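Bear in mind these aren't lab numbers, they're just calculated from the coordinates by the rules spelled out. From a predicted model like this one, the values you see are computed outputs, not experimental measurements. All Cβ positions, even for glycine, are placed from backbone atoms using ideal geometry, and neighbour counts span all protein chains on display.
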Amino acid sequence: MPSAFHPLNLHTKNNNKKKRRKTIQKQQQQREEEEEEEEDDEESVGFELKSSCSSRTHHIQPLGNLLLVGPSANIRNPGLGSLHVLPDDILLDLLSLLSAKELSILSTASRSFFVFATHDPLWRSLVLREFQGDFVFSGSWRSTYFSSSSSNCPDSPSSTILVNNFYSDYLFQSWLCANLKMKPEWLRRDNIPRRRGLSMEEFVRCFEEPNKPVLLEGCIDSWPALRKWTCRGHLVRVCGDVKFTAGPVEMKLDSYFRYADKVKEERPLYVFDPKFVEKVPELGSGYEVPLYFKEDMFSVLGEERPDFRWIIIGPAGSGSSFHVDPNSTSAWNAVIKGSKKWVMFPPEVVPPGVHPSPDGAEVACPVSITEWFMNFYGACENWKKRPVECVCKAGEVVFVPNGWWHLVINLEDSIAITQNYVSRRNLLNVLDFLKKPNASELVSGTSDRVNIHCKFRSAIETAFPGTIDKLTLEAQTKMATQQKKQSFWNSVTDSNVGGFKFSF
Ligand SMILES: O=C(O)CCC(=O)C(=O)O
């Protein structure tokens, strides 16, 4: 026991094996009864759990449930000693500083410490830190740690102790978000324009020029990926042994699939790999850039261009929380397998629950995707500028105009390709972005954040002489026309009364 824990009056674990087996049997029976009760509860509170939902290892309840039984029923505080004064998130931050061995010892100290020290995200960090992507996921991060580790930790997770009467909003929310099914009302709204057989001219005039999202149907029907990548066996044969970037680690695709099949967590690891074509050229020949996005002026930078294409693979529940795409580029995102729910806000509307820093260098979205739906989705209901939403299915492509906020959640196991690009419609935006004074913090996907503006500008001048001047002139003319229109309206409206009236 580390000395730091001595003042806490900790209890040691009873190691009597027979007793333990009996207790476990009893607990299992109790758990089954409680799970039956839970199912009834869940139906009545209006949320549905994933069918793959893990039976709870602990019976953690939200604090509100204490109203029914009184605060003394909560076993949290007595079991934590002096640390009971800390809020759950701070306590978990502290525990994240411990090693696996220390966590294991702590978990034997009391039922409260057992709950905290076995909190699976703590073990996820340990696994990723110690084994990077070289692990075989075995259903929970804690058991994965023990099966990957050769060291003998004192507490093997082979048995699970059911803890009752533990109340915590933080831990309950974390469990709920990992196991909650998307509610039908979160998926119902589909207000994105859908187009099939759109001409290039229409795409530019109706969507790219006015910077509006669109869902394109039927424009990737000829992609071999649509037939080949949907077969997991094929992908595993082609590149099961290749390591792809999944969150903070590099993982063999085969191991990633095994992980994705079993995982139930709030923010699953997500394959998002910008070098997939270089790693597996065969993947590059599985798709072709759709007609609308062929012009990509960043290609003048050759090898020096910022990252621009990604293969995206993830299980249901994985996804991307609210962000704006890098370097003021626009993007397209094509679903090859599965389906994705999209929520998009125009550049001038910061989504509820999102806090960008004033210089735009950082976006804080403190909640997970599911939590965003639970806590903020409803807030947009009565907004004048409601988000653009859709479910994008296999074979469909979403156009994401530059500057638009977007959140995406996979509704099933999904595979997609996304590319960010610069056409002449957003060339000036991108150049402006790259030369911002804090470019060294803002620019992403390249190691040369400071010089990229000069390099890009001069490469464009060489490849397309006069284009920047021509586009600048066009933009100035457009702006002058808009200002004229505006000053006309200003002259005929009375802005002080909120409405407008004709003065002629
Ligand atoms: O998770 C996804 O498919 C969305 C990806 C995305 O938002 C992006 O690449 O900017």
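Computed from the C-beta positions of Gln482 and His323 and an R0 of 30 Å, the FRET efficiency is 0.55 to the nearest 0.05. Taking label positions 7 Å along the Cα-Cβ direction at both Lys212 and Asn191, the computed distance is 1.3 nm, reported to one decimal. Summarising the label geometry, the points placed 7 Å from Cα in the beta-carbon direction at Lys262 and Ala73 lie 3.5 nm from one another.
With Cβ to Cβ distances under 15 Å as the rule, what net charge do the other residues near Glu396 carry (K, R +1; D, E -1)?
Numbers: positive: Arg194, Arg195, Arg196, Lys337, Lys340, Lys341, Lys393; negative: Asp190, Glu217, Asp221, Glu389, Glu412.
In short, +2.
Output the pairs from Lys212/Lys435; Lys341/Lys478; Lys435/Lys478; Lys275/Lys478; Lys50/Lys279; Lys385/Lys455 with a Cα-Cα distance over 29 Å in this structure; if there are none, say none. Flagged as over cut-off: Lys341/Lys478; Lys275/Lys478; Lys50/Lys279; Lys385/Lys455. Extending 7 Å from the Cα toward the beta-carbon at both Ser285 and Ser147 defines two label points whose distance is 3.7 nm. Once the chain from Ala463 to Asn438 is taken as fully extended at 0.36 nm per residue, the excess over their C-alpha distance is 6.3 nm.
Which loop-located trypsin sites (Lys or Arg not before Pro) does the range 359-413 contain, where loop means any DSSP state but H, G, I, E or B and the Cβ has at most 14 other Cβ atoms within 10 Å?
Counting only loop positions with at most 14 other Cβ atoms within 10 Å, the trypsin sites (Lys or Arg not before Pro) in the range 359-413 are Lys384, Lys385.
Using per-residue counts of other Cβ atoms within 10 Å, averaged over each peptide, order 111-120, 360-369 from highest down. It would help to have the intermediate numbers written out before the result.
Values: 111-120: 22.8, 360-369: 15.5.
In descending order of packing, they fall as 111-120, 360-369.
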